[in-house]
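*Asks:* Below are the structure tokens for one structure; questions will follow.
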Amino acid sequence: MGAALSLARAAGKRGEVPVGAVVVAGGRVTGRGGNRPIGSCDPTAHAEMIALRRAARRTRNYRLDGSTVYVTLEPCLMCLGAMVHARIARLVYGAADPKVGATARLGRGRAGRLNHRFAVQGGVRAGECAALLRDFFRARRQEPGRMLERAPSAGDGGPPASPGTAGTAPRSPARPGARACGPRGRHTRRRCAARAGSPRRGRLPRPR
């Protein structure tokens with residue numbers, strides 16, 4: 001699990017969700033993988049999938065009999081399906097994933113009729129794995145680039161922002177000669193037509 005944590009930290013530095021996975025067979029590592037769906041533009045490039053692919057290429061066999069997969073986060077349904085097809089012997093994961101984690105489904109319903117089953121152990125170094133994810137998402141939320149475009153301030157050469165408008169996107173400037181007759185200064189065609197006594201666009205006046 002320590003090797004999987006190292007791969008997860010490396011993924012986090014690349015801007016990916018910090019998840020790492022390692023495949024072990026016969027006491028040696030046959031495949032390693034870190035999350036890479038963003039960098040590779042591949043929605044299936046989860047850490048487990050990358051580790052399984054590398055292990056299969058290294059062993060020259062798509063069946064990974066007797067292998068154990070160590071991953072820092074509970075696998076999703078896609079990754080668990082790949083493990084079933086690979087015929088792994090054991091899965092060990094760190095932090096539980098209450099949203100997309102699918103290990104609880106392996107023995108339920110139709111999943112209970114799968115032609116291969118493997119042992120599952122969770123909670124190994126779960127605190128470290130969960131802290132890595134919490135720190136990553138906390139830092140992402142605090143990134144300035146993830147906030148809405150702020151209105152130009154006096155330091156940028158623009159007018160000083162009024163209270164309550166900092167951190168919000170600037171409104172588009174009104175067209176010359178346009179009237180602000182709607183609520184909060186918005187132009188409302190229906191209200192303008194009612195005030196001016198003119199018909200709405202696209203409709204002819206009713207005959208008197």
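The values are calculated or read from the model by the stated rules, or taken from the named source; none is laboratory data. All values derive from a computational prediction rather than experimental measurement. So basically every Cβ, Gly included, is an ideal-geometry build from the backbone, and we count neighbours across all protein chains shown. All accessible areas refer to the heavy atoms of the entire protein, side chains included, with ligands and DNA or RNA removed. Shrake-Rupley method; radii C 1.70, N 1.55, O 1.52, S 1.80 Å.
*Asks:* Calculate what fraction, in whole %, of the accessible area of the stretch 8-120 sits on carbon and sulfur atoms when a 1.4 Å probe is rolled over the protein chains.
*Replies:* Ligands and nucleic acids excluded, carbon and sulfur give 52 percent.
*Asks:* Gain in length, ARG140 to ALA89, computed as 0.36 nm per residue apart minus the alpha-carbon separation, to one decimal in nm?
*Replies:* Net length gain for the segment: 14.7 nm.
*Asks:* How much length is gained if the chain between ASP65 and SER6 is pulled fully straight, taking 0.36 nm per residue apart and subtracting their Cα-Cα distance, in nm to one decimal?
*Replies:* Answer, rounded to one decimal: 18.7 nm.
*Asks:* If I model a spin label as a point 7 Å beyond the Cα along the Cα-Cβ vector, how far apart are those points for ALA119 and CYS41 in nm?
*Replies:* With each label point 7 Å from Cα toward Cβ, the separation is 4.3 nm.
*Asks:* Identify, among LEU52, PRO75, ILE38, the residue whose Cα sits farthest towards the positive end of the charge dipole of the stretch 37-98, taking +1 on the Cβ of Lys and Arg and -1 on the Cβ of Asp and Glu, with the dipole about the Cα centre.
*Replies:* Sorting the options by dipole projection puts first LEU52.
*Asks:* A further question on this structure: With the crude spin-label approximation of a point 7 Å out along Cα→Cβ, what separation in nm comes out for ARG58 versus ARG14?
*Replies:* About 1.6 nm, to one decimal.
*Asks:* Oh, and also: Between beta-carbons, use under 14 Å as the cut-off and find the net charge around CYS76, counting Lys and Arg +1, Asp and Glu -1.
*Replies:* Local charge sum for CYS76: -1.
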